[in-house]
Every structure is written in C-alpha cells, then in structure tokens.
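The values are calculated or read from the model by the stated rules, or taken from the named source; none is laboratory data. Keep in mind that this is a model prediction, so the values were computed, not measured. FYI the Cβ positions are ideal-geometry reconstructions off the backbone, even for glycines, and counts take in every protein chain you see.
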Amino acid sequence: MTDVQDIMSSLPDDKIDMIAATSVLQQQAGDIRQNKPNWYSYMQSQMISQEDYACVSSLDKDKKAQAQYLQENAGQCAKTLLNMLAHVSKDQTIQYILVLIDDLLQEDRGRVQIFHDYANKKKESVWAPFLNLLNRQ
C-alpha cells in the first residue's frame, strides 16, 4: 500500500484525478459485466432477432470462443452491436453493450476496423449510434 501512496504523492494533482476517475470507471465496468442481460428474453419478446441473439450469445462466452466467433463473423458482430445500441432502450443493457464493445476493442485495437468497414458498407457514420445515445433523454 505504501508503494501506491508513494507513487500517488509523486504525481501532479491532475494525474491523480485521472487515475481516480479511471479506477471508478473500471469498477463500474466490472459491475456492469457481472449483470449479463437475458438475451433469450430479448429474443422471445422480439426486441432482437434470432441472428442478433446468436451473435451476442456467442460474444458473451469465454475470450477464446469470443475471438473465434468474432474472426469468423466480424460483419455480423458489428451489425448486431450497433443495431442493439440503436434499438434497445434499457439503460443497463445499453451499458452492457458499450462495455462489451470496449472490451472487444481493448483486447485488439485493430478490431475497430470491423466497425468502420460495416459503417462504410452501410454508407453511414460509424459514430451515429453512439451520438444518438448522447441525445437520449
């Protein structure tokens, strides 16, 4: 613990604030990861398609299975995640999807190209679903 305090005391104040904010966000992301949505109920109530259900269920598996599915179905993953951001209204589920996207990109930053390719194919901005979230009431 003293090592952490030594490091913290040697940092400028703005860096300490950044570390504190980051750790709070990491804690919130961890909490969100623990509350996986019931994707089957979303599919049963026709809030997501069978295709989206299959995709998001595969992405919710262990990292190795997730990476394999993502490699084989990159376009479908981008479509599903962006579609769900646009059509799901429950805040807790939106947060889960955002954390899932963040996790995918943190594991391999090159995966951002998957989203760019999908947006280019649709002739849309890759940022549109995210900007729409900012405008939600």
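Filter segment 33-84 down to the residues that are surrounded by fewer than 18 Cβ atoms within 10 Å (Cβ to Cβ) and of a type in the set (A, V, I, L, M, F, W, C) and list them by number.
Matches in segment 33-84: M47, A54, A65, A67, A74.
Name the residue, out of I32, I48, that is assigned to a helix (DSSP H, G or I) and touching a helix residue (DSSP H, G or I) at 6+ places or on another chain (Cβ under 8 Å).
Values: I48 fails: assigned to a helix (DSSP H, G or I).
Residue meeting the stated conditions: I32.
Name the residue, out of V99, V126, that is assigned by the TED database to the domain that holds M43, touching a His at 6+ places or on another chain (Cβ under 6 Å) and hydrophobic (A, V, I, L, M, F, W, C).
Numbers: V99 fails: touching a His at 6+ places or on another chain (Cβ under 6 Å).
V126 is the lone residue from the list that is assigned by the TED database to the domain that holds M43, touching a His at 6+ places or on another chain (Cβ under 6 Å) and hydrophobic (A, V, I, L, M, F, W, C).
On the given criteria, is D60 in contact with a Ser or Thr (Cβ under 7 Å, 6 or more places away or on another chain) and charged (D, E, K, R)? Steps first, answer last, please.
On the way: in contact with a Ser or Thr (Cβ under 7 Å, 6 or more places away or on another chain): no; charged (D, E, K, R): yes.
Answer is no for this residue.
Could you grab me the full set of residues in segment 76-96 that are in a helix (DSSP H, G or I) and either touching a residue at least 40 places away in the same chain (Cβ under 8 Å) or among the polar types (S, T, N, Q) (or both)? Write out each step before concluding.
Applying the first criterion (in a helix (DSSP H, G or I)) to segment 76-96 yields 76-87, 91-96.
Once the filter is applied, which keeps residues that are in a helix (DSSP H, G or I) and either touching a residue at least 40 places away in the same chain (Cβ under 8 Å) or among the polar types (S, T, N, Q) (or both), segment 76-96 yields Q76, A78, T80, L82, N83, L85, A86, H87, Q92, T93, Q95, Y96.
Every residue, every condition in (1) within 13 Å of the chain's Cα centre (by Cα); (2) at pLDDT below 95; (3) not small (G, A, S), yes or no:
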residue	(1), (2), (3)
Y69	no, yes, yes
Q76	no, no, yes
V88	no, yes, yes
I97	yes, no, yes
E107	yes, yes, yes
